[in-house]
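Engineer: Sharing a structure with you now.
The values are calculated or read from the model by the stated rules, or taken from the named source; none is laboratory data. Predicted, not measured: the structure shown is a model, and the values here were computed from it. Note that each Cβ is placed from the backbone with ideal geometry, even for glycine, and that neighbours are counted across all protein chains shown. Areas reflect the complete protein model, heavy atoms only, side chains present, ligands, DNA and RNA absent. Shrake-Rupley method; radii C 1.70, N 1.55, O 1.52, S 1.80 Å.
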Amino acid sequence: QDSIAPVITSIKACSNYIDDNNLTYDWLLFFENDCIPFQHDFWHKLSEFISSNNSWLYNKVGLLGFNSYQYYEKGKIKTPGNPVPEDYYSIDHFVVEVPNWQSMAINKTLFDKFIQIDKRYDNRLLNGDDIAHQFMLYNIFNICIPGLAVCHDGDNKLKNKINIMKSSSYSRSENSHNIFEDRWGWKWGKRNLNLRAQFNNALENSDFYK
């Protein structure tokens, strides 16, 4: 059976578990099974970043994203066509529309307060984008921390000897992009050359943003 928005529902299940067991956590972590930290001090630096900035992160930031690399054996080599300006890699953090959702930290309090599940999503595709857009709807930022590196196993070097069950119904859908456009008012994707006009039209004519 297909899952309903599995990324969002799994985060929700984690948050509910914390509440049901009277635990206290400000941030939740989501990693795909083929995405790993790509530096030995990743967890220490992430904890340090949150601890030193949580006074404003707690109320203003919904998602934390990381610097994602594609090929394990090539190391920290930027993907050709990367749209991020070079000088962004030397700063502490910067605002993004949507973090690379294969690995992200989620503000539990803001997630519980603002994020709703659209049951039309029957797979994981664009779940992270939908969360990010819901946060932005309430003037909550999403940021990337370029000094924290992860690797999304694009060359299958990490999992080629691991028997991982594959499900196309979980990972892909023929209608996710249509759902996203109907929900938000514009087509998803960096190749959408009409984004500005669609965005302005949605703001001016959709009851969703009033």
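Engineer: With the condition kept exactly as written, say whether any residue in the range 1-22 is in a strand (DSSP E or B) and either hydrophobic (A, V, I, L, M, F, W, C) or closer than 20 Å to Asp112 by Cα (or both).
Structural biologist: For the range 1-22, residues in a strand (DSSP E or B) and either hydrophobic (A, V, I, L, M, F, W, C) or closer than 20 Å to Asp112 by Cα (or both): absent.
Engineer: Looking only at the range 113-155, which residues are more than 20 Å from Ser68 (Cα to Cα) and among the basic types (Lys, Arg)?
Structural biologist: Listed by number, the residues that qualify are Lys113, Lys119, Arg120.
Engineer: Would you tally the residues in the range 51-62 being in contact (Cβ under 8 Å) with a residue 40 or more places away in the chain, open to solvent by 30 Å² or more (accessible area, probe 1.4 Å) and closer than 24 Å to Ser90 by Cβ?
Structural biologist: 1
Engineer: Restricted to the range 166-210, and to residues that are assigned to a helix (DSSP H, G or I), surrounded by 13 or more Cβ atoms within 10 Å (Cβ to Cβ) and within 19 Å of the chain's Cα centre (by Cα), which residue is modelled with the lowest pLDDT?
Structural biologist: Tyr170
Engineer: Scan the range 37-56 and tell me whether some residue there is in contact with a strand residue (DSSP E or B) (Cβ under 8 Å, 6 or more places away or on another chain) and part of a loop (DSSP other than H, G, I, E, B).
Structural biologist: Looking for residues that are in contact with a strand residue (DSSP E or B) (Cβ under 8 Å, 6 or more places away or on another chain) and part of a loop (DSSP other than H, G, I, E, B), one finds at least one in the range 37-56, hence yes.
Engineer: To continue, here is another question. Only one residue in Val84, Val61 is under 15 Å from the mean Cα position of the chain (by Cα) and not small (Gly, Ala, Ser), so which one is that?
Structural biologist: Answer to the check: Val61.
Engineer: Out of the residues in the range 64-77 that are under 19 Å from the mean Cα position of the chain (by Cα) and at pLDDT below 95, state the one that is farthest from Phe42 (Cα to Cα).
Structural biologist: It comes out as Gln70.
Engineer: Just to be sure I understand the filter: pairs with C-beta atoms under 7 Å, separated by 6 or more residues or on different chains, first member in the range 78-97 and more than 25 Å from His133 (Cβ to Cβ), second member at pLDDT 90 or above and not charged (D, E, K, R). Which pairs pass?
Structural biologist: Cβ pairs passing all conditions: Tyr89/Pro146.
Engineer: Only one residue in Asp34, Asp118 is in contact (Cβ under 8 Å) with a residue 40 or more places away in the chain, more than 21 Å from Gly147 (Cα to Cα) and out of contact with any Phe, Trp or Tyr (no Cβ under 6 Å at 6 or more places or on another chain). Which one?
Structural biologist: Every option except Asp118 fails the conditions.
Engineer: Moving to a separate point now. I'm told Trp43 meets every condition in (1) open to solvent by 40 Å² or more (accessible area, probe 1.4 Å); (2) aromatic (Phe, Trp, Tyr); (3) touching a residue at least 60 places away in the same chain (Cβ under 8 Å) except one. Can you identify the failing condition by its number?
Structural biologist: For Trp43, the exception is condition (3).
Engineer: Looking only at the range 63-122, how many residues end up being buried (at least 16 other Cβ atoms within 10 Å of the Cβ) and small (Gly, Ala, Ser)?
Structural biologist: Residues meeting the conditions: 4.
Engineer: Turning to a different aspect of this structure: Evaluate the following for Asp122: is it at pLDDT 95 or above, acidic (Asp, Glu) and under 17 Å from Ser10 (Cβ atoms)?
Structural biologist: Against the criterion (at pLDDT 95 or above, acidic (Asp, Glu) and under 17 Å from Ser10 (Cβ atoms)), Asp122 does not qualify.
Engineer: Conditions first: (1) closer than 15 Å to Asn100 by Cα; (2) of a type in the set (Val, Ile, Thr); (3) modelled with pLDDT of 95 or more. Ile36 passes all but one, so which condition is the exception?
Structural biologist: Condition (3) is where Ile36 drops out.
Engineer: Are any of the residues in the range 131-142 open to solvent by less than 90 Å² (accessible area, probe 1.4 Å), at positive phi and either modelled with pLDDT of 80 or more or of a type in the set (Gly, Ala, Ser) (or both)?
Structural biologist: no
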